[in-house]
């Protein structure tokens, strides 16, 4: 029996899954990966959430430290100008 | 001057950095008791509640410097009060946004007018927003400082009523409604090991941001008057 494409709605909508599902399904290849990846997959992927949160926190922290230091240098510049004038 | 271009940070700022990192890591990784509906979102207590604590501390600092300004006028104190109120609003907005997201997945709605704490918290943030609207209305620095200090004292008196006294008398989805305990008896003890460091970490982080904002405004002030 010949199946026409319009009779199979999934086939028309979801062409990606059949093509790429093996490549997406990282868990299938977990034995081949290193210990770090193994660790990240454990406990329902909670460590991925931790990683994302920590990345955001460290970027913000780094930014805050930079601004703090820049303001410090501006302060010392202004103070030294005042001393020079006096 | 070139040799000491960047001053090293004060020690307490490193403590904040370490404390916050531990809070985030611990808050996500510790085992917490599972409660229906809340599930894993119970961890939000480590991040949502400290937002409000930080806001309260910033408003308290702002209040202190406003009174202090009225005692002995000094524009430095006005700038301190302004910076603290600004950082307080930022934390208040974070608290509103995190609360709204949390509410969507536990109470089923982004925003509800049946929930007094939610609405009164928004009102509190708006009262402080009006502080900045008032400030922008003056060109004269001393007049601005004096009137905004008076307004700030009014604004801070509303905070305990809006966020503590009134919501706890009414029916509310937040813990602690209708005179029940908000925290002491109903919260699992293991949450406290993260929650109290989170309070310290976030309040100290707010102080750090306040410190940078204040110094930026001082530099700006000095440049404008030189």
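The values are calculated or read from the model by the stated rules, or taken from the named source; none is laboratory data. If you're wondering where the values come from, they're calculated on a predicted model, not measured in any experiment. No Cβ is skipped: glycine too gets one built from the backbone with ideal geometry, and neighbour counts run over all protein chains shown.
Just the residues that are touching a residue at least 60 places away in the same chain (Cβ under 8 Å) and closer than 23 Å to residue B:165 by Cβ, please, taken from the stretch B:89-101.
Correct list: B:91 only.
Say whether the condition of being more than 12 Å from every other protein chain (Cβ to nearest Cβ), in a helix (DSSP H, G or I) and more than 20 Å from the chain's Cα centre (by Cα) is met by at least one residue in the stretch B:61-68.
Within the stretch B:61-68, one or more residues are more than 12 Å from every other protein chain (Cβ to nearest Cβ), in a helix (DSSP H, G or I) and more than 20 Å from the chain's Cα centre (by Cα).
With more than 19 Å from the chain's Cα centre (by Cα), within 14 Å of chain B (Cβ to nearest Cβ) and at pLDDT below 80 as the only criterion, which of A:22, A:75, A:28, A:85 stands out?
A:85
Can you tell me which of (1) more than 14 Å from chain A (Cβ to nearest Cβ); (2) in a loop (DSSP other than H, G, I, E, B); (3) in contact (Cβ under 8 Å) with a residue 40 or more places away in the chain is the one residue B:32 doesn't meet?
Against the list (1) more than 14 Å from chain A (Cβ to nearest Cβ); (2) in a loop (DSSP other than H, G, I, E, B); (3) in contact (Cβ under 8 Å) with a residue 40 or more places away in the chain, residue B:32 comes up short only on (1).
Can you tell which of B:88, B:92, B:108 is at pLDDT below 90 and either surrounded by fewer than 16 Cβ atoms within 10 Å (Cβ to Cβ) or in a helix (DSSP H, G or I) (or both)?
B:108
Would you check if there is a residue in the stretch B:150-166 being within 14 Å of another protein chain (Cβ to nearest Cβ) and in a helix (DSSP H, G or I)?
No.
Just checking, which of B:20, B:58 is touching a helix residue (DSSP H, G or I) at 6+ places or on another chain (Cβ under 6 Å), under 23 Å from residue A:67 (Cα atoms) and at pLDDT 95 or above?
B:58
Give the residue that is nearest to residue B:24 (Cα to Cα), with candidates limited to residues of the stretch A:57-69 that are surrounded by fewer than 16 Cβ atoms within 10 Å (Cβ to Cβ) and touching a helix residue (DSSP H, G or I) at 6+ places or on another chain (Cβ under 9 Å).
Checking each candidate, the answer is A:58.
Just checking, does the stretch B:168-178 include any residue being within 14 Å of chain A (Cβ to nearest Cβ) and either under 30 Å from residue A:65 (Cβ atoms) or loosely packed, with under 12 Cβ neighbours inside 10 Å (or both)?
no
For the list (1) surrounded by 17 or more Cβ atoms within 10 Å (Cβ to Cβ); (2) in contact (Cβ under 8 Å) with a residue 24 or more places away in the chain; (3) under 24 Å from residue B:97 (Cβ atoms), I need the number of the one condition that residue B:145 fails.
Unmet condition: (3).
Could you list, in sequence order, all residues of the stretch B:35-55 that are at the interface with chain A (Cβ under 10 Å from one of its Cβ atoms) and either touching a strand residue (DSSP E or B) at 6+ places or on another chain (Cβ under 7 Å) or at pLDDT 90 or above (or both)?
Of everything in the stretch B:35-55, just one residue is at the interface with chain A (Cβ under 10 Å from one of its Cβ atoms) and either touching a strand residue (DSSP E or B) at 6+ places or on another chain (Cβ under 7 Å) or at pLDDT 90 or above (or both), namely B:47.
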